[in-house]
Amino acid sequence: MSPSRRPHHEVQAFFHADTHTFTYVVHEGRAAVVIDPVLDYEPAAARVGTAAVDAVLAYVREHRLTVAWVLETHVHADHFSAGDHLREALGARLAIGAGITRTQARGKALFGLGEEFVPDGRQFDRLLADGDVLHVGAMAIRAMATPGHTDEGLTYLIGDAAFVGDTLLAPDTGTARCDFPGGDAAQLYASIQKILALPEDTRLFLCHDYPPATRGPMPETRIAAQRQGNVHVGQGATGAAFVALRTARDATLPVPQLLLPALQVNLRGGRLPPVEGDGVRYLRLPLNRYGGSGA
Ligand SMILES: [Fe+2]
């Protein structure tokens, strides 16, 4: 099929300013999927909220969409997923990359989780392997494994659009870090090459943007702009050069403020930890376990 003959589906972006995250609703007719929904979280008070995902729900209702799937590009370390919230609100199903089981096993050890947490992906409705296809109305959604930022990272290919998660950022900000558990800079380079090999007119939709003061947040970029202008992988940067740059830069980055709270929620598909004996849900903070030389 020539690139120009690929379907062009409607894509609506929502920007979560607190965490610089994009959520997408992709639809054709009434059939829709939601990618990377965000649950608000106020860390000082340990309080979750639904303002961001309520805006997504309002759009879904306004357009009378039927959301079949909520799709996660990966286990996010900077925000809480609203995947489970949307699954409940819309009767949708929740999918993520098959590598989630390895990420869950690492998370179970990191947080010292008990028997209630089983690291076999059961918290999701579908674990997608490279090449798996979901059919939603007239849309065909193909999962392309793009690990490196995280183990289970997926890019979703839907018509002429690719939802690349955190593999690529905007050209002027480069790429996402690879120093989280399961991250690997050489893997990320290989994943980015797969994305850059997509047809030239592919619309690339980012999971995050951290814009400089000179521009606003941009959800969408193009292959040519990334090949030419990406400050980490553009201009034909080699794998060795990228790994050296990425590794050196990651060594200077602080642990994200929400990493420890977010991981333990997102490993559960955005479901909050179970209620304890007093009727309250608790997050766990393992002391001196993450970051530093032992990360
Ligand atoms: Fe991420």
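The values are calculated or read from the model by the stated rules, or taken from the named source; none is laboratory data. Just so it is clear, the model here is predicted, and its values are computed rather than measured. When we count neighbours, we look across all protein chains shown, and the Cβ atoms used for this are built from the backbone with ideal geometry, even at glycine.
Structure notes:
- Boolean, residue 91 is modelled with pLDDT of 95 or more, loosely packed, with under 14 Cβ neighbours inside 10 Å and more than 16 Å from the ligand (Cβ to nearest atom): yes
- Selection status of residue 174, within 11 Å of the ligand (Cβ to nearest atom) and among the small types (Gly, Ala, Ser): no
- Hey, residue 25 surrounded by fewer than 23 Cβ atoms within 10 Å (Cβ to Cβ) and in contact with a helix residue (DSSP H, G or I) (Cβ under 7 Å, 6 or more places away or on another chain) or not: yes
- Residues that are within 16 Å of the ligand (Cβ to nearest atom) and not in a strand (DSSP E or B) within the stretch 195-211 comprise 195, 206, 207, 209, 210, listed in sequence order.
- Hits in the stretch 137-151 (condition: within 16 Å of the ligand (Cβ to nearest atom) and either farther than 14 Å from residue 194 by Cβ or not in a loop (DSSP other than H, G, I, E, B) (or both)): 145, 150, 151
- The criterion of being under 27 Å from residue 140 (Cβ atoms) and of a type in the set (Asp, Glu) holds for residue 88.
- Any hit, the stretch 100-116, residues being part of a loop (DSSP other than H, G, I, E, B), within 16 Å of the ligand (Cβ to nearest atom), under 26 Å from residue 257 (Cβ atoms) and at pLDDT 95 or above: no
- All positions within the stretch 176-191 that are in a helix (DSSP H, G or I) and under 15 Å from the mean Cα position of the chain (by Cα): 188, 191
Matching residues to (1) closer than 27 Å to residue 160 by Cα; (2) buried (at least 17 other Cβ atoms within 10 Å of the Cβ); (3) aromatic (Phe, Trp, Tyr):
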| residue | (1), (2), (3) |
| --- | --- |
| 199 | yes, no, no |
| 203 | yes, yes, no |
| 229 | yes, no, no |
| 246 | no, yes, no |
| 253 | no, no, no |
| 259 | no, yes, no |
| 266 | no, yes, no |
| 272 | no, no, no |
| 280 | no, no, no |
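- Test: residue in the stretch 235-253 that is within 15 Å of the ligand (Cβ to nearest atom) and in a loop (DSSP other than H, G, I, E, B): yes
- Among residues of the stretch 27-83, those that are in contact (Cβ under 8 Å) with a residue 12 or more places away in the chain, part of a helix (DSSP H, G or I) and away from the ligand (no atom under 16 Å from the Cβ), counted: 7
- Test: residue 173 is within 30 Å of residue 31 (Cβ to Cβ) and part of a loop (DSSP other than H, G, I, E, B): no
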